[in-house]
Amino acid sequence: MNIHEISYVIVNRNVKSAVFVYKHYNVNTEMPIKLKDLFIICESIEKIIQWCISIGLILDLTGEVCKKCSHGHFGLRKDSSFSNDIFYWKCSNKKCSKKVSIRNGSWFQGHNLSLEKILFITYFWIYKIDQEFVKHELSICNQTIVDWYNYCREVCIEILKIDSEKIGGDSVIVEIDESKFGKRKYHKGRQVEGQWVFGGIERDSKKSFFATVENRTKETLLKLIKDNIKPGTTIISDCWKAYNCLGSEGFEHLKVNHSVNCVDPETGAHTNTIESTWRALKKSLPKYGTVKSLYDTYFSQYCVRKKYIIGSEDPFIAFITLIKKVYNPEKQKQTLITTENITISEPQPATKKPRVLHEIKNTLNSSLDDFQA
Ligand SMILES: [Zn+2]
């Protein structure tokens with residue numbers, strides 16, 4: 001069966017409520033997915049839905065018993081008046097008629113942007129395609145592309161939280177340091193205040209964490225150190241006074257006095273690893289328009305690309321796997337089926353507010369394989 005031979009089963013002799021038999025409808029793509037493959041996937045809404053179901057991005061409710069009425073079964077129905085998606089899940093029991101949006105519980109939920117455009121944006125984000133180009137190609141407004149690129153970075157933050165672990169341990173060396181980001185001088189001597197960032201990195205494994213901080217006091221930094229580094233770790237830092245307490249807080253502490261030398265002649269201590277990491281991180285930030293409050297999302301983007309995406313067999317699928325860890329439609333299956341009320345997800349305009357994070361947590365935690373500048 002080719003893509004133009006879509007089968008519909010006419011239910012109740014009503015063409016509008018036809019059940020779409022998507023199972024006959026194969027979308028085969030080779031790995032890794034190229035842009036031409038994405039165009040094939042997006043040739044029709046039927047193909048998009050089929051493909052999204054096949055990779056678990058959209059929930060498959062086919063044949064699931066409706067728990068609202070206990071004897072109807074869900075099937076995919078077509079009704080172009082329903083929403084832009086045209087298709088939705090509907091209980092087969094005429095008296096029940098429970099409807100569920102195909103977007104529920106998924107990466108697509110709560111937005112009125114078409115599935116096609118969301119897939120393309122996600123693909124373009126993976127390959128770091130310039131926002132101006134994406135805006136032009138998809139005919140979307142500036143706010144939409146800014147929002148969606150932010151949503152992609154928020155997935156990174158959530159993934160680092162899910163996979164977070166303390167770094168260090170007995171006789172493991174962790175270098176810590178603070179660095180100021182985003183300090184830029186303009187003409188007429190105007191100076192923009194930068195953002196202090198604190199971080200630590202395991203010298204051998206390159207496992208690391210980064211956090212924006214409002215100040216560099218002992219209280220602020222010690223809390224982050226205790227939250228992110230295991231007791232017994234050998235911590236190497238510069239001579240910033242806030243670190244003086246580390247020796248009495250359960251850590252081995254070595255200091256490098258940078259005003260004298262880069263490597264302590266007696267202990268051999270140095271902080272070259274964290275310093276090259278700062279250079280790499282600063283290089284990874286957008287040149288212009290970096291919003292201070294989004295620094296954490298850029299750091300997590302950097303960490304997630306390094307850890308999960310670069311070098312994977314298919315970067316697009318690798319990121320979709322991460323998306324499904326955060327927006328897992330399977331988890332919501334029972335809720336969707338049993339909810340008493342009709343759960344049609346009304347399309348919502350993209351919000352400026354992050355969807356996942358009501359508050360962006362500062363601390364990021366990651367294991368990096370290659371973190372050198
Ligand atoms: Zn029902």
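Grab the strands (runs of 3 or more DSSP E) fully contained in the stretch 207-295, keeping just those with 1 or more residues being of a type in the set (S, T, N, Q). Don't jump to the end; show me each part of the working.
Details: elements: 207-213, 234-237, 252-255.
By residue number, 207-213, 234-237.
Please enumerate the residues belonging to the stretch 57-77 that are open to solvent by less than 30 Å² (accessible area, probe 1.4 Å) and more than 9 Å from the ligand (Cβ to nearest atom).
LEU57, ILE58, LEU59, LEU61, GLY75, LEU76, ARG77
So is GLY182 at pLDDT below 85 and under 21 Å from TRP240 (Cβ atoms) or not?
Numbers: at pLDDT below 85: yes; under 21 Å from TRP240 (Cβ atoms): yes.
In short, yes.
Enumerate the pairs (first residue in the stretch 62-80 and of a type in the set (Lys, Arg); second residue anywhere and within 8 Å of the ligand (Cβ to nearest atom)) with beta-carbon separation below 6 Å, excluding pairs fewer than 6 apart on the same chain, so at least 6 apart or on different chains.
Close Cβ pairs (under 6 Å, with a partner that is within 8 Å of the ligand (Cβ to nearest atom)) amount to LYS68/CYS96; LYS68/LYS98.
So which residues in the stretch 83-113 are part of a strand (DSSP E or B) and not hydrophobic (A, V, I, L, M, F, W, C), if there are any at all?
TYR88, LYS90, LYS99, SER101
Being in contact with an Asp or Glu (Cβ under 9 Å, 6 or more places away or on another chain), closer than 19 Å to GLN332 by Cβ and more than 15 Å from the ligand (Cβ to nearest atom) is the filter here, so list the residues in the stretch 78-101 that pass it.
SER83, PHE87, SER101
Output the residues belonging to the stretch 209-230 that are surrounded by 15 or more Cβ atoms within 10 Å (Cβ to Cβ) and within 16 Å of TYR295 (Cα to Cα).
If the condition is that a residue be surrounded by 15 or more Cβ atoms within 10 Å (Cβ to Cβ) and within 16 Å of TYR295 (Cα to Cα), then PHE209, PHE210, ALA211, THR212, VAL213 are the ones that fit.
Have a look at SER179, SER171, SER139 and point out the one that is among the hydroxyl-bearing types (Ser, Thr, Tyr) and surrounded by 15 or more Cβ atoms within 10 Å (Cβ to Cβ). Even if it seems obvious, please write down each step before you answer.
Working: SER171 fails: surrounded by 15 or more Cβ atoms within 10 Å (Cβ to Cβ); SER139 fails: surrounded by 15 or more Cβ atoms within 10 Å (Cβ to Cβ).
The unique qualifying residue is SER179.
Just to check your reading of the model, which residue among TYR127, TYR151, TYR123 is of a type in the set (Ser, Thr, Tyr), loosely packed, with under 15 Cβ neighbours inside 10 Å and in contact (Cβ under 8 Å) with a residue 40 or more places away in the chain? Working first, answer last.
On the way: TYR151 fails: loosely packed, with under 15 Cβ neighbours inside 10 Å; TYR123 fails: loosely packed, with under 15 Cβ neighbours inside 10 Å.
Among TYR127, TYR151, TYR123, only TYR127 is of a type in the set (Ser, Thr, Tyr), loosely packed, with under 15 Cβ neighbours inside 10 Å and in contact (Cβ under 8 Å) with a residue 40 or more places away in the chain.
Would a scan of the stretch 88-109 turn up a residue that is open to solvent by less than 30 Å² (accessible area, probe 1.4 Å), of a type in the set (Val, Ile, Thr), within 23 Å of CYS156 (Cα to Cα) and under 29 Å from the mean Cα position of the chain (by Cα)? Can you show your working first?
From the stretch 88-109, those open to solvent by less than 30 Å² (accessible area, probe 1.4 Å) are 88-89, 91, 93, 96, 98, 100-108; that's our starting set.
Filter once more, keeping what is of a type in the set (Val, Ile, Thr): 100, 102.
Pick out the ones that are also within 23 Å of CYS156 (Cα to Cα) and you get none.
No.
If the requirement is being surrounded by fewer than 20 Cβ atoms within 10 Å (Cβ to Cβ) and either assigned by TED's automatic domain parsing to the domain that holds GLY194 or closer than 30 Å to ILE53 by Cβ (or both), which of these qualifies: ILE235, ILE320, ILE310? Full working, then the answer.
On the way: ILE235 fails: surrounded by fewer than 20 Cβ atoms within 10 Å (Cβ to Cβ); ILE320 fails: surrounded by fewer than 20 Cβ atoms within 10 Å (Cβ to Cβ).
Every option except ILE310 fails the conditions.
Would you mind stating whether LYS161 is touching a residue at least 24 places away in the same chain (Cβ under 8 Å) and within 16 Å of the ligand (Cβ to nearest atom)?
Details: touching a residue at least 24 places away in the same chain (Cβ under 8 Å): yes; within 16 Å of the ligand (Cβ to nearest atom): no.
No; evaluated as a whole, the condition is false for this residue.
Against the conditions (1) part of a loop (DSSP other than H, G, I, E, B); (2) away from the ligand (no atom under 16 Å from the Cβ); (3) open to solvent by 60 Å² or more (accessible area, probe 1.4 Å), where does GLU132 fall short? Just the number, please.
Result: GLU132 passes all but (1).
Answer with yes or no whether SER80 is outside any strand (DSSP E or B), open to solvent by less than 60 Å² (accessible area, probe 1.4 Å) and at pLDDT below 95.
Numbers: outside any strand (DSSP E or B): yes; open to solvent by less than 60 Å² (accessible area, probe 1.4 Å): no; at pLDDT below 95: yes.
No; evaluated as a whole, the condition is false for this residue.
The values are calculated or read from the model by the stated rules, or taken from the named source; none is laboratory data. From a predicted model like this one, the values you see are computed outputs, not experimental measurements. All Cβ positions, even for glycine, are placed from backbone atoms using ideal geometry, and neighbour counts span all protein chains on display. The protein model used for the area step is the full one, side chains on, heavy atoms only, and it has no ligands, DNA or RNA in it. Shrake-Rupley method; radii C 1.70, N 1.55, O 1.52, S 1.80 Å.
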